[in-house]
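Here is the structure we will look at, set down as structure tokens.
The values are calculated or read from the model by the stated rules, or taken from the named source; none is laboratory data. Keep in mind that this is a model prediction, so the values were computed, not measured. Don't worry about glycine lacking a Cβ; one is built from the backbone with ideal geometry, like all the others, and counts go over all protein chains shown. Note: accessible area is taken over every heavy atom of the protein model, side chains too, but ligands, DNA and RNA are not part of it. Shrake-Rupley method; radii C 1.70, N 1.55, O 1.52, S 1.80 Å.
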Amino acid sequence: MTIQHLKTSKPDAEKAEDDARVRATVESILADIEARGDAAVRELSVKFDKYDPAAFRLTASEIEAAMQKVSARDMEDIRFAQDQIRGFAQAQRASMTDIEVETLPGVILGHRNIPVQSVGCYVPGGKFPMVASAHMSVLTASVAGVPRIVASAPPVQGEPHPAIVAAMHMGGAHEILCLGGIQAVGAMALGTESIEPVHMLVGPGNAFVAEAKRQLFGRVGIDLFAGPTETMVIADETVDAELCATDLLGQAEHGYNSPACLITNSSKLAEATLAEVDRLLKILPTAETASVSWRDYGDVILCDTHDEMLAVANDMAYEHVQVMTDRDDWYLENMNAYGALFLGPRTNVANGDKVIGTNHTLPTKKAGRYTGGLWVGKFLKTHSYQKILTDEAAAMVGEYGSRLCMLEGFIGHAEQCNIRVRRYGRKNVPYGAAAE
């Protein structure tokens, strides 16, 4: 296998140092929120966002006032996007059915899909107010039937962002907070005097938000570890450098640490893409951010074969994978670790981010090896149940259960089985004895 790295990102050791600094900052802030509640949250809001409202939860009149600021065209676009996302989420929900089966005569087993009872949806709003993230979390939770949906986004220019508020409200949020960063996810997860805690946190965010969710996991559920945006382009000579460079930089503009990687089996395309990236960075309005991401987190990997390209892509397990080759469906069949696939030159990651209907909250940092992205199923808990309807079944299963409990030395467990055998089946099984 011959794999050449024509461009590499900065060393893992440097990335680890960055992560350690974020970890320490987040740990300190979460401890402060837990200790001092609303006072700590307010201080953090003033410090980071220069925002000090009477209350962080928006009233109905404040929501209405914000929505009045959204243009008719923008409202129409939000509705269109939400229609697509709702439609796909409803189809996904319909695929998840409750079941009940009779596995043996008189033995009934089943499961029910029950919504999480309260969810905190974080919507990033710093450098780029991510209106689409409100659809992805709030609306999807609503389709799942979550009875309490809290949505939070930071202020933009000193006030709630009108389009984000509109998207949250139209998506089905029951409570809307104008609060950002660690203080938002910390308040929703830990609770304060004025904010009732939730059972689960979802939504993307910067490195600090992602780390806060990681540290809060266990106390609350989370959707997944959504770190900085990652994008990968897998391409051969069926496409050109302009398309590849555009798709790489289109995601690198997210932040200063957004990995972007080209995997190709064409040295001509690799070199041309490197040159095209340089050209586009001279004219891209967000080049200040994208150029740093490309410099520190950009990779160009040249392989000999599609098999090699597939192996590298599965190992890296990137969040967004744009496939533009002469065998796109082959990659669909054989990719096993990624966030979402975007197949063919006619589609692109931005479609998935904003409007097409799939969810844009996706696994990063190789989490695609063990989880998919946010979807309606993440808001549902599958709970099993069992019931035995006949004396014969109770005695028969109890005999097996008793012997297997004794095999492990669990006398009390065995007696739970034995008492059923005595009551519903054969008599006089002594205390603690396995049924024969």
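Sequence gap at least 6, Cα distance under 8 Å: using those rules, report the relative contact order of region 142-256 to the nearest whole percent.
18
For Ile222, the residues whose modelled amide H falls within less than 5 Å of its own, excluding neighbours fewer than 5 places apart on the same chain, are Leu201. With springs connecting C-alpha atoms under 10 Å apart, model the chain as a Gaussian network and identify which of Thr390, Thr238, Thr364 has the largest mean-square fluctuation. Judging by the Gaussian network model, the answer is Thr390. When you filter the GluC sites (Glu not before Pro) in region 133-229 for DSSP loop state and at most 10 other Cβ atoms inside 10 Å of their Cβ, you are left with Glu193. Springs between Cα atoms under 10 Å define the GNM used for the chain, and in it the highest mean-square fluctuation of Ala393, Ala134, Ala290 occurs at Ala393. The mean sequence separation of alpha-carbon pairs under 8 Å and at least six residues apart, normalised by the residue count of the chain, gives a relative contact order of 18 percent. Computed from phi, the 3J(HN,Hα) profile of region 143-153 under the Karplus parametrisation 6.51, -1.76, 1.60 (θ = phi - 60°) reads 4, 6, x, 5, x, 9, 10, 9, 10, 9, 9 Hz, with x in place of Gly and Pro. Springs between Cα atoms under 10 Å define the GNM used for the chain, and in it the highest mean-square fluctuation of Val165, Val70, Val101 occurs at Val101. Sequence-distant contacts, meaning Cα pairs under 8 Å at least 6 residues apart, place the relative contact order of region 86-184 at 26 percent. Taking the chain as the reference, fit the longest principal axis to its C-alpha atoms, fit the long axis of helix 287-297 to the helix C-alpha atoms, and give the angle between the two in degrees, 0 to 90, nearest 10. The answer is roughly 60 degrees. If you plug the beta carbon distance of Lys15 and Phe217 into 1/(1 + (r/R0)^6) with R0 = 25 Å, you get a FRET efficiency near 0.75.
Between Leu262 and Val233, Asp299, Val300, Ile301, the built amide H atoms are under 5 Å apart, and every one of these is 5 or more places off in sequence or on another chain. The mean accessible area for residues of the chain, using a 1.4 Å probe and ignoring ligands and nucleic acids, is 47 Å² per residue.
Taking 17 Å as the straight-line reach from the Cα of Lys69, the aspartates and glutamates in range (excluding those fewer than 8 positions away in the same chain) are Asp77, Glu159. For region 66-74, putting each phi into the Karplus relation 6.51 cos²θ - 1.76 cosθ + 1.60 with θ = phi - 60° gives couplings of 5, 5, 5, 7, 8, 5, 4, 5, 5 Hz, in residue order, rounded to whole numbers and with x for Gly and Pro.
With a ≥ b ≥ c taken as the square roots of the eigenvalues of the C-alpha gyration tensor of region 212-332, please select rounded if a/c is under 1.5 and otherwise prolate if a/b is larger than b/c or oblate if it is not? Judged from the Cα gyration tensor, region 212-332 comes out oblate (a/c at least 1.5, b/c at or above a/b). Under the simplified labelling scheme, the Lys127-Asp307 pair shows an inter-label distance of 4.1 nm, with each label point 7 Å from Cα along Cα→Cβ. Decide, for region 273-333, between rounded, prolate and oblate: order the square roots of the alpha carbon gyration tensor eigenvalues as a ≥ b ≥ c, take rounded if a/c falls under 1.5, and otherwise choose prolate if a/b is larger than b/c, else oblate. The shape class here is prolate. Each other residue within a Cβ distance under 15 Å of Lys378 adds +1 if Lys or Arg and -1 if Asp or Glu, for a net charge of +2.
Segment Glu237..Ile419, full-extension length gain: 58.3 nm, with 0.36 nm per residue of separation and the alpha-carbon distance subtracted. When the C-alpha to C-alpha distance is required to be over 18 Å, the pairs from Lys10/Lys282; Lys15/Lys378; Lys7/Lys268 that qualify are Lys10/Lys282; Lys15/Lys378. For the chain, the pair-distance distribution built from all alpha carbon pairs, in bins 20 Å wide starting at 0, is 23, 45, 25, 7, 0 percent. The helix-based estimate of mean residue ellipticity at 222 nm for the chain, built from -39,500 (n - 2.57) per DSSP H run of four or more residues and divided by its residue count, is -14500 deg cm²/dmol to the nearest 500. Neighbours of Lys10, meaning other residues whose beta-carbon lies under 14 angstrom from its beta-carbon, give a summed charge of -4 when Lys and Arg score +1 and Asp and Glu score -1. Partner aspartates and glutamates whose Cα lies under 20 Å from the Cα of Lys381, excluding those fewer than 8 positions away in the same chain, are identified as Asp98, Glu100, Asp223. What list of ³J(HN,Hα) values in whole Hz, one per residue of region 396-411 in order, does the Karplus curve 6.51 cos²θ - 1.76 cosθ + 1.60 (θ = phi - 60°) give from phi, with Gly and Pro shown as x? Ordered by residue, 3J(HN,Hα) equals 5, 5, x, 5, 4, x, 4, 4, 5, 5, 5, 4, 9, x, 8, 5 Hz.
Rolling a 1.4 angstrom probe over region 353-412 with all protein chains present gives an accessible area of which 59% lies on carbon and sulfur atoms. Between Thr347 and Asp74, the C-beta separation translates, for a Förster distance of 25 Å, into a calculated FRET efficiency of about 0.60. Classify region 8-73: rounded, prolate or oblate, from the alpha-carbon gyration tensor (a ≥ b ≥ c, eigenvalue square roots; a/c under 1.5 rounded; otherwise prolate if a/b is larger than b/c)? Oblate, since a/c reaches 1.5 and b/c is not below a/b.
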